[in-house]
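Everything on this sheet refers to the single structure shown next.
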Amino acid sequence: MATRQTTATTETGVRDAVVVGGNRIPFARAGKKYADASNQEMFTAALDGLVARFGLQGERIGEVVGGAVLKHSRDFNLVRESVLGSALHPATPAFDLQQACATGLEATITVANKIRLGQIDSGIAGGTDTISDAPVAVSEGLRRVLLEAQHAKTLQARLKALAKLRPSDLKPLVPATDEPRTGLSMGEHQAITAARWGITREAQDQVALASHQNMAAAWDSGFFDDLVTPFRGLTRDDNVRADTSAEKLAGLKPVFGRSLETPATMTAGNSTPLTDGASTVLLGSREWAEAHDLPVLARFVDAETAAVDFVHGHEGLLMAPAHAVPRLLARNGLTLADFDLVEIHEAFASTVLTILAAWEDDDYCKNELGLTGALGSVDRDRLNVAGSSLAAGHPFAATGGRIVATTAKLLARKAAETGKPARALISICAAGGLGATAILESA
């Protein structure tokens, strides 16, 4: 294992950014408990839970960075409005950021790097997303008529603009997450990738079963008690199925890939459900944490993002992390075997399995990743040990904050149990052929 950084300042002269803790609200299936909760309400609740947990009432934080993937036009300044509605000092700056499902991790990277450069001493990263309260847009024809009428100088000009309306203009645009350049949903894209890599239905169901079992066990053990605050009467993620089984998962009908030549393998059980929720992560310099008598769970080490050309079918939509991780490991002189914990976001069970298969494939790693051979294997006992998106649900922008906070606590616990440093790899795929990855170490 490579030498670990243990000092407050790295070899490059930047200081440490550390994860103090996190807070999220329980994730809820779309249309259920949070059916009428807005992104701003959920993110404010997650923020206030974090503030209460770490005694930050009235504190001016260096910056709050977060975002949402599905956002109303009224939420053009969503994160700042959430800060103003929270118990943080109103002089706390904030801004919105968006990188699809990688939003929460990208926000963490942004905050951590500002801390490392000395631009801020503390920061909060996170994200929120609601399917239940998704924006519904008007048609392009209605939009243009309304804008022309609004800019009209006279009543006659306004009436002339409104007269251009046609019945077809009144049809709303229903929100969709299909890829604009292909017209395919994320699930259909992943079904093509899974078929190309020969990922079996049985293997996907095993990943889903492990995710539910691991997350249910973590909830039962009290692991999430200081990472989650109740919201709207929900005290636990309502998607977790402690009683699911291989037989129950095997009985579900496929929902993606049914038009492919190969048998469809992706079901509602081995795919992430549509979910509402919000998450936050508190980061700071070691000095800031010490001055506020706050714990330090983990140190942010490094991050790498990647993008793939999925439009022309050369690479799968969700395969970007397969490209980002080798670059991240090379820069830090690490291998997959150097990680005590690996957190791979399960957009679908087959996403995890295709990425793992790619890293184990000699030809793929040589021809696509430019390596000399296979990157290596991930010990399944170290993978998503407290459950992951299949069980928790996946409110797009909130997933990164959930994973970072969970991983930081797992690292701190492992280091305390073994008396040795621990290291974790985080990997998140995202729409648009994007991927974000990061390394954390026990502090």
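Report, by residue number, each residue of the stretch 333-380 that is closer than 21 Å to ARG196 by Cα, charged (D, E, K, R) and buried (at least 22 other Cβ atoms within 10 Å of the Cβ).
GLU346
Within the stretch 165-176, is there a residue that is closer than 30 Å to PRO254 by Cβ, touching a residue at least 12 places away in the same chain (Cβ under 8 Å) and surrounded by 13 or more Cβ atoms within 10 Å (Cβ to Cβ)? Talk me through it step by step, then tell me what you get.
Of all residues in the stretch 165-176, those closer than 30 Å to PRO254 by Cβ come to 173-176.
Checking which are touching a residue at least 12 places away in the same chain (Cβ under 8 Å) leaves us with 173-175.
From the residues that got through so far, the ones that are surrounded by 13 or more Cβ atoms within 10 Å (Cβ to Cβ) too are 173.
So far as the stretch 165-176 goes, yes, one or more of its residues are closer than 30 Å to PRO254 by Cβ, touching a residue at least 12 places away in the same chain (Cβ under 8 Å) and surrounded by 13 or more Cβ atoms within 10 Å (Cβ to Cβ).
Out of everything in the stretch 120-145 that is touching a helix residue (DSSP H, G or I) at 6+ places or on another chain (Cβ under 8 Å), under 26 Å from PRO26 (Cβ atoms) and in a loop (DSSP other than H, G, I, E, B), what residue ends up being modelled with the lowest pLDDT?
PRO135
Can you name the residue in the stretch 71-97 that is crowded, with 18+ Cβ neighbours inside 10 Å and under 30 Å from GLY187 (Cα atoms) and is also nearest to the chain's Cα centre (by Cα) among such residues? Reasoning before the result, please.
Step one: filter the stretch 71-97 for residues crowded, with 18+ Cβ neighbours inside 10 Å, giving 71, 75, 78-79, 81-83, 86, 88, 92, 94, 96-97.
Subsequent filtering for residues that are under 30 Å from GLY187 (Cα atoms) retains 71, 75, 78-79, 96-97.
Values: LYS71: 16, ASP75: 20, LEU78: 18, VAL79: 16, ASP96: 15, LEU97: 13 Å.
Among those that are crowded, with 18+ Cβ neighbours inside 10 Å and under 30 Å from GLY187 (Cα atoms), it is LEU97.
If we only count helices (runs of 4 or more DSSP H) wholly inside the stretch 327-434, which ones have 3 or more residues that are farther than 21 Å from VAL207 by Cβ?
Values: elements: 349-360, 362-367, 389-392, 399-418.
Filter on the stretch 327-434 gives 362-367, 399-418.
Which members of the stretch 146-168 meet the condition of being in contact with a helix residue (DSSP H, G or I) (Cβ under 6 Å, 6 or more places away or on another chain), assigned to a helix (DSSP H, G or I) and closer than 24 Å to HIS72 by Cβ?
Kept after step one, since they are in contact with a helix residue (DSSP H, G or I) (Cβ under 6 Å, 6 or more places away or on another chain), are these residues of the stretch 146-168: 148-149, 152, 158, 161-162, 164-165.
Checking which are assigned to a helix (DSSP H, G or I) leaves us with 148-149, 158, 161-162.
Within the stretch 146-168, GLU148, ALA149 qualify.
Would you say PRO263 is in contact (Cβ under 8 Å) with a residue 40 or more places away in the chain, in a loop (DSSP other than H, G, I, E, B), open to solvent by 20 Å² or more (accessible area, probe 1.4 Å) and closer than 30 Å to ALA17 by Cβ? Full working, then the answer.
Details: in contact (Cβ under 8 Å) with a residue 40 or more places away in the chain: yes; in a loop (DSSP other than H, G, I, E, B): yes; open to solvent by 20 Å² or more (accessible area, probe 1.4 Å): yes; closer than 30 Å to ALA17 by Cβ: no.
No; evaluated as a whole, the condition is false for this residue.
Being over 22 Å from ALA46 (Cα atoms) and surrounded by 15 or more Cβ atoms within 10 Å (Cβ to Cβ) narrows it down to one residue among ASP302, ASP243, ASP276, ASP237; which is it?
Working: ASP243 fails: surrounded by 15 or more Cβ atoms within 10 Å (Cβ to Cβ); ASP276 fails: over 22 Å from ALA46 (Cα atoms); ASP237 fails: over 22 Å from ALA46 (Cα atoms).
That would be ASP302, the only listed residue that is over 22 Å from ALA46 (Cα atoms) and surrounded by 15 or more Cβ atoms within 10 Å (Cβ to Cβ).
Could you say which residue among GLN204, GLN213 is in a helix (DSSP H, G or I), open to solvent by 50 Å² or more (accessible area, probe 1.4 Å) and polar (S, T, N, Q)? Talk me through it step by step, then tell me what you get.
Numbers: GLN204 fails: open to solvent by 50 Å² or more (accessible area, probe 1.4 Å).
The conditions single out GLN213.
If you check VAL83, VAL111, which single one turns out to be part of a helix (DSSP H, G or I) and either free of Cβ contacts under 8 Å to residues at least 60 places away in the same chain or among the acidic types (Asp, Glu) (or both)? Walk me through how you get there before you give the answer.
On the way: VAL111 fails: either free of Cβ contacts under 8 Å to residues at least 60 places away in the same chain or among the acidic types (Asp, Glu) (or both).
Only one candidate qualifies: VAL83.
The values are calculated or read from the model by the stated rules, or taken from the named source; none is laboratory data. No experiment lies behind these values; they were computed from the predicted model shown. Positions of Cβ are generated from backbone atoms using ideal geometry, with glycine treated the same way; all protein chains shown enter the neighbour counts. Ligands, DNA and RNA are excluded from the accessible area calculation, which covers all protein heavy atoms including side chains. Shrake-Rupley method; radii C 1.70, N 1.55, O 1.52, S 1.80 Å.
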